[in-house]
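Data first, discussion second: the structure below is written as structure tokens.
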Amino acid sequence: MSELLTEPSILPPKPVARLDTALVWLMALTCGLVVANIYYNQPLLAAIGRTFHIRDSQASLVATATQVGYTLGMLLVVPLGDMLERKRLMLWMLLGAAACLGAAALAPSFGLLALASVLIGICSAVPQLLLPMAAHLAPEADRGRIVGRIMSGLLIGILLSRTVSGYVGAHLGWRVVFEGAAGLMLALAGLLAWRLPADRPTFQGTYASLMKSLLTLTTELAPLRRSALVGASVFAAFSVFWTTLVFYLESPVYHYGSAVAGFFGLVGAVGALAAPLAGKMADTRGPRYAITAGLGLALASYVLLGLGGGYLAGLVLGVILLDVGVQSAHISNQTLVFSLRPEARSRLNTVYMTGYFTGGSIGSIVGGIAWTHFGWPGVCIVGSAFVALALVIHRSYGR
């Protein structure tokens, strides 16, 4: 018995629960509502800066803090999906997210808001537990399509969160956004407690052995390392744009406020509709082809944003191309990762998504610096450089 508690082992496979259409859409809804917690703050950064009398570059640290928290949640909590019962773990995380969002709404200082933002990010890693569950329940031939459908919910949540928070923040204040999000997490916890199936873990051992296995998987699987590096680079490019967009729209070029910045999230949601198509492409033509196509679109988007971003039509088209490209590459990457070791999907997802959001955090920081010192041209150059780096890694690393 002592060996069982100290050494990792694999339990016999259990009967797979039925993944019906309603459950797929519930998973997509859950991913969208929870991941929105990370992005509500982006159209509100200028308003937050005014509340606490800080510069734009300081206010952008709220977005960075939330992404750092999300990365920590994926690194330290998501691997438990292979060890603990996933449904119960997700319910506790949703309750924690509700409490942290309430704390952010009441934060009396910028420091406490930043701390609450880190905790919000940690508790909002629920989608990274749901996606391995969906990959486990899905038939192999349809895995990319189903993951793509659930990812479409996640991506629409990322993008529409900016629309909702921008509008609500402009009319009711940024604190109301966090109050409403806290209420949504409580309602969602009740819905999942009723409908989500239990999912018995396959890993049995200590938390230390679980975390050690992350290093083992990373060392053994070159495709996992490549996917993580590509994901990090492309999400850095994505974050460079979305972290600085509100500052660009409020600049003398446009003179728009947070409500219009939020509207661009609605524009970007058009790109998120390509997620199921990207999953289908990964199923039929292979993930490598789909990743290359997505990175090509993302690079083209930054060329357009750099040359035509001063015109509203150019900015709108650039947003759509960027979101289609980034999400196509991401979904194809994730489909590839889930196929590597079926019994370790939560841990594989941890390695990949930790790299992914580490890149996002770096992109937020570098984007804020580029905007402060070089304006919009600097933002576009930095963003395109990250996409080019992703292409180089995808085509050459470990091949």
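The values are calculated or read from the model by the stated rules, or taken from the named source; none is laboratory data. Computed from a predicted model, the values in this text were never measured in an experiment. Cβ: placed from backbone, ideal geometry, glycine included. Neighbour counts: every protein chain shown. Accessible surface is based on the protein model in full, side chains and every heavy atom, while ligands, DNA and RNA are left aside. Shrake-Rupley method; radii C 1.70, N 1.55, O 1.52, S 1.80 Å.
What to note about this one:
- Potential lengthening between His171 and Ser396 on full extension [0.36 nm per residue; Cα-Cα distance subtracted]: 76.1 nm
- Local electrostatic count at Ser239 - Lys and Arg +1, Asp and Glu -1, tallied over other residues with Cβ under 13 Å: 0
- Multiplying the residue separation of Leu106 and Ala22 by 0.36 nm and removing their Cα-Cα distance gives an extension gain of 26.6 nm.
- Along principal axes, Cα extents of the chain, largest first, whole Å: 66, 47, 36
- Exposure ranking of Asp20, Asp199 by accessible area [1.4 Å probe, largest first]: Asp20, Asp199
- Length added when fully stretched, His255-Ala222, from 0.36 nm per residue minus Cα-Cα: 7.2 nm
- The HN-Hα couplings worked out from phi for segment 41-58 by the Karplus form 6.51 cos²θ - 1.76 cosθ + 1.60 (θ = phi - 60°) are 6, 5, x, 9, 4, 5, 5, 4, x, 5, 4, 9, 6, 10, 6, 4, 5, 6 Hz, whole numbers, x standing for Gly and Pro.
- A cut-off of 5 Å between modelled amide H atoms, ignoring neighbours fewer than 5 places along the same chain, links Gly173 with no other residue.
- Entry note, the chain: the mean residue ellipticity at 222 nm calculated from DSSP H runs of n ≥ 4, each adding -39500 (n - 2.57), is -27500 deg cm²/dmol after division by the residues and rounding to the nearest 500.
- Coupling constants for segment 108-115 follow from the phi torsions by the Karplus curve (6.51 cos²θ - 1.76 cosθ + 1.60, θ = phi - 60°), and in residue order they are x, 9, 5, x, 5, 5, 5, 5 Hz; glycine and proline get x.
- Close amide H partners of Tyr256, meaning residues 5 or more places away or on another chain with modelled amide H under 5 Å apart, are Glu250, Ser251.
- Burial order of peptide ranges 73-80, 205-212, 109-116, 353-360 (average beta-carbon count within 10 Å, highest first): 353-360, 73-80, 109-116, 205-212
- With every protein chain in place, the chain: carbon and sulfur % of accessible area (1.4 Å): 70
- The residues neighbouring Val168, those whose beta-carbon lies less than 12 Å from its own, together hold a net charge of +1 under the Lys/Arg +1, Asp/Glu -1 convention.
- In Å, descending, principal axis extents of the Cα set of segment 69-129: 38, 19, 13
- Segment 308-382 versus segment 45-95: alpha-carbon centroid distance in Å: 17
- 3J(HN,Hα) from dihedral phi, segment 181-196, Karplus parametrisation 6.51/-1.76/1.60, rounded to Hz, x for glycine, proline: 5, 4, x, 5, 5, 5, 5, 5, 4, x, 5, 5, 4, 7, 10, 6
- Legend: calculated FRET efficiency, Arg50 to Leu95, from the Cβ-Cβ distance at R0 = 35 Å, rounded to 0.05, equals 0.65.
- Looking at segment 157-264, the accessible area is 38 square angstrom per residue; that uses a 1.4 Å probe and ignores ligands, DNA and RNA.
- Residues Gln58 and Val303, FRET efficiency given R0 of 51 Å [Cβ-Cβ distance, rounded to 0.05]: 0.95
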